[in-house]
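What follows is a short report on a single structure.
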Amino acid sequence: MMKVLILSITLLLLFGITALAQDFRTPRPSPDATVSQYVGVTEITIDYSSPGVKGRKIWDGLVPYGEVWRTGANEVTSITFSDLVKINGNQLNAGTYGIHTIPGANEWEIIFSDDTEVDDGSNYDETKDALRLKVKPEEHHYQERMTFLFTDVTDNTVNVSLVWENLKVSFGVEVATADLTLEKARSNLSWVPSFQAAQYCLQNDVNLKEAMNWIQASTLLKEVYWNTRIKAQLQHKLGMTDDAIATMEKAIELGTNMDSAPFDFDRMKNMLADWRK
């Protein structure tokens, strides 16, 4: 019995230590950092490690000129765009990219890579480049730790800057906010619920005038065979024969252009023929 008790206590202590170890964290010499900024409806997020100067020569010293740099310490810096953007006028799709750089005294190359698993410049794979651009470094007031900043934010643009020691390197991001806003609005509106409500009313011969409002809303959002044929039948039930004929003709046209004939296509065509008599 005593052995069982000792074993139980030992297991409890072991599990407790394991759980504590999972939560325990020591400071990293180059702490992790994350910055985010919305530009219109587009979110931009940068994840990086923030090394310090610590009295060292940074440019062409700790960070050599002419060599691929992971742009920080520890893992490669990454940037995420929630939508398609333009970087200094160059299109870049939505997604997460590793930011590699090739520093130089008078010019830097900034590389957006599809590879976000790189932990050293020696692991960099040029074939995974999504975009490369060249920028001019600028002088900046002293900054002990490497930092990314978002500045000059408008509804459509933002400047992204890497600042460290006495240097700043920047690139511009542009988004089509008006187009994206409308696109997101359209994608979140659906013709289906109001179509389903109108179809229920038609099938059960109830609330036909209200159903007409619902089907009008559905076809305004997206005019397809399924809701247009319901609209035609509601119009006919409400005594709007000429409108019903015109609408059913439109439904037949939409059905003809579908990849395969709708299950009730012949019935709708026969219905239209009866209305024309």
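The values are calculated or read from the model by the stated rules, or taken from the named source; none is laboratory data. What you see is a predicted model, and the numbers here were worked out from it, not measured in a lab. Glycine gets a Cβ as well: all are built from the backbone with ideal geometry, and neighbour counts include every protein chain shown.
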Of all residues making up the range 1-54, the number that are polar (S, T, N, Q), at pLDDT 90 or above and under 27 Å from Asp119 (Cβ atoms) | 6
Name, by its number, the condition in (1) under 18 Å from Leu167 (Cβ atoms); (2) of a type in the set (D, E, K, R); (3) surrounded by fewer than 19 Cβ atoms within 10 Å (Cβ to Cβ) that does not hold for Glu75.
-> (1)
(1) at positive phi; (2) among the small types (Gly, Ala, Ser); (3) touching a residue at least 60 places away in the same chain (Cβ under 8 Å) all hold for Ser50 apart from (1)
Test: Glu223 is more than 35 Å from the chain's Cα centre (by Cα), of a type in the set (Asp, Glu) and not assigned by TED's automatic domain parsing to the domain that holds Ile102 | no
When both residues are 6+ apart or on different chains and their Cβ atoms are under 8 Å apart, which pairs have a first residue that lies in the range 174-201 and is under 14 Å from Leu221 (Cβ atoms), and a second that is of a type in the set (Lys, Arg) and at pLDDT 95 or above?
-> Ala198/Lys231
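Could you check the range 165-277 for helices (runs of 4 or more DSSP H) lying wholly inside it with 1 or more residues that are in contact with a Gly (Cβ under 8 Å, 6 or more places away or on another chain), within 30 Å of Leu131 (Cβ to Cβ) and not hydrophobic (A, V, I, L, M, F, W, C)? Outline the logic, then answer.
On the way: elements: 177-188, 192-204, 208-221, 225-237, 241-256, 265-276.
Passing ranges, in order: 177-188.
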For the subset of the range 165-178 comprising residues that are over 11 Å from Asp83 (Cα atoms) and under 19 Å from the mean Cα position of the chain (by Cα), which member is modelled with the lowest pLDDT?
-> Ala178
Go through the residues of the range 250-257 one by one and say whether even a single one is small (Gly, Ala, Ser), within 17 Å of Val192 (Cβ to Cβ) and crowded, with 17+ Cβ neighbours inside 10 Å.
-> yes
Do we have Val135 as under 25 Å from Val39 (Cβ atoms), of a type in the set (A, V, I, L, M), touching a residue at least 40 places away in the same chain (Cβ under 8 Å) and touching a strand residue (DSSP E or B) at 6+ places or on another chain (Cβ under 6 Å) here?
-> yes
